[in-house]
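Some notes on the structure that comes next.
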Amino acid sequence: MAEILTIDPALVERYIMTLAQHGACGETGVCRAAYTPAWVAAQQQVADWCAEAGLTVWRDAVGNQWGRLAGTEAGPVIATGSHIDSQLPGGRYDGALGIIGGIIAVRALKERYGSPRRSLDVVSFCQEEGSRLPGANLLASRAIVGTLATEEADTLRSYDGETFREVLASVGLDADRIGEAVRDDIDTFLELHIEQGPILEHERIAVGVVEAITGSRTYTVTITGRADHGGACPMDLRRDPLVAAAAIIGEVLATASSMGRPAVTTVGRLLVEPNYPAIVPERIVLTVNARHPELAGGRALFARHEATFATVAAANPQLGLTWTGTDGGEPTVCDPGTVRLLAASAHDQGVTAKIMPSGALHDCQIMAQRYKAAMLFVPSKDGRSHTPDEYTAPEELAAGIQVLAAALHRLAY
């Protein structure tokens, strides 16, 4: 029978609360955009913890913070970690858990078993969110796998108008050295994360083993009509774009519901012009974000949404209706062998587990382009995330770290 590992929930909570001080905003929120002073302080805190655990620490060319427990044999390393940056505001757990969990897991293994056979790396990714550089989500992991081009240093801009090159320079990094962040020596990458949804909590399961990470497409739909007096213009003479918008919203949400889990669609943004109570709108702009972790399912979902746009446009010839779609990437299938290893590790530790997809995007899907990779989820209270209200109990966090440590032990010792 496998040895049961013990992770102290109080230690995990102390690390969570300490890291949350860097960029704290409000009572429970965190505002820690990449490359800001709060981010620099948080990365230094990670480096300090790694050093205290006996790891060798270094920062790569884009600012990812690494810590290594050296192995006794040469060869590809096993890596784990997550991202340090947050939404504005975000919560204490998104991203932070995977970094803290990696440090605590590797330290626990070192204390119990000594040096591993294969080196163990913990990484704190510099930017996963787009809170500093819009459109540059998953930038840090892209640098590691080699898909972040040096030319992007001059095309990516922050919300304040700075180029990525200037942002890097502000923390002592040289954009011309981006290529030096590439790692060709990683065998397997594991990421521990809060679920960001309600499934584990609802089903009372301790951990989720992620087998696939969603693909997505975001549509921007623009509908133009004519502004009229809301009292004087008869209903049958109006050119009201909100009629078409309502039809689209109802149909796309019904489509995802009818397809069932794991298909999801969100209409998260609606702009109404001129946006006054007694004026028929002139123009409506809405977004439709559709996601599915299976390639065929995603293509079917997207096709049905596009058919809806065309049908509504044909039914309302008095309106102008156009749309554009932006791909957020195809679904990523996690390495099957690594998924089985995580599930077996949970079983060995007596921790309940569920094989499930991820509806959110993660660095793991980028790392999976080059290395064997998979994820672990722990419950998120009420499914909340990307908000100061996110919370996971210390005991639930510790259970996830326990499974992570068991999996790292299987891979590295």
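The set of residues in segment 306-346 being more than 30 Å from V403 (Cβ to Cβ) and touching a Lys or Arg at 6+ places or on another chain (Cβ under 8 Å) consists of Q318, L319, G325, T326, D327.
Out of T332, T324, one residue alone is under 25 Å from E191 (Cα atoms) and not hydrophobic (A, V, I, L, M, F, W, C). It is T332.
Within segment 54-77, can one find any residue that is closer than 14 Å to R118 by Cα, of a type in the set (S, T, Y), modelled with pLDDT of 95 or more and surrounded by 17 or more Cβ atoms within 10 Å (Cβ to Cβ)? Within segment 54-77 (the criterion being closer than 14 Å to R118 by Cα, of a type in the set (S, T, Y), modelled with pLDDT of 95 or more and surrounded by 17 or more Cβ atoms within 10 Å (Cβ to Cβ)), the answer is no, since none of the residues qualifies. Among all positions in segment 113-121, there is at least one residue which is over 13 Å from the mean Cα position of the chain (by Cα), in a strand (DSSP E or B) and either in contact (Cβ under 8 Å) with a residue 40 or more places away in the chain or under 18 Å from V57 (Cα atoms) (or both). Considering only residues in segment 145-157 that are surrounded by fewer than 19 Cβ atoms within 10 Å (Cβ to Cβ) and among the small types (G, A, S), the one that is farthest from N64 (Cα to Cα) turns out to be A149. If the condition is being within 12 Å of the chain's Cα centre (by Cα) and among the charged types (D, E, K, R), then segment 122-138 contributes E128, E129. Listed conditions (1) in a loop (DSSP other than H, G, I, E, B); (2) crowded, with 23+ Cβ neighbours inside 10 Å; (3) without any contact (Cβ under 8 Å) to a residue 60 or more places away in the chain; (4) of a type outside the set (S, T, N, Q) are all met by R132, apart from (3). Considering only segment 97-136, state which residues are of a type in the set (S, T, N, Q) and closer than 28 Å to A393 by Cα. Hits for segment 97-136 are S124, Q127, S131.
In summary, strands (runs of 3 or more DSSP E) completely within segment 1-104 and bearing 2 or more residues that are in the same structural domain as H347 (by TED's automatic domain parsing), touching a residue at least 60 places away in the same chain (Cβ under 8 Å) and touching a strand residue (DSSP E or B) at 6+ places or on another chain (Cβ under 8 Å) occur at 77-83. Residues of segment 342-359 that are surrounded by fewer than 20 Cβ atoms within 10 Å (Cβ to Cβ) and assigned to a loop (DSSP other than H, G, I, E, B): G350, V351, T352, G359.
Please verify whether segment 192-199 includes one or more residues that are assigned by TED's automatic domain parsing to the domain that holds G75, within 15 Å of the chain's Cα centre (by Cα) and within 30 Å of T150 (Cβ to Cβ). Taking every residue of segment 192-199 in turn, at least one turns out to be assigned by TED's automatic domain parsing to the domain that holds G75, within 15 Å of the chain's Cα centre (by Cα) and within 30 Å of T150 (Cβ to Cβ). Among the numbered conditions (1) touching a Ser or Thr at 6+ places or on another chain (Cβ under 9 Å); (2) buried (at least 21 other Cβ atoms within 10 Å of the Cβ), the only one that H386 does not meet is (2). In summary, D160 fulfils each of the numbered conditions (1) modelled with pLDDT of 95 or more; (2) over 27 Å from Q349 (Cβ atoms); (3) assigned by TED's automatic domain parsing to the domain that holds D348 with the single exception of condition (1). For segment 285-324, filtered to residues that are among the small types (G, A, S) and crowded, with 16+ Cβ neighbours inside 10 Å, the residue that is farthest from the chain's Cα centre (by Cα) is A313.
The values are calculated or read from the model by the stated rules, or taken from the named source; none is laboratory data. Just so we're clear, the structure is a prediction, and the values are computed from it rather than from any experiment. In this analysis, Cβ positions are derived from the backbone assuming ideal geometry, glycine residues included, and neighbour counts consider all displayed protein chains.
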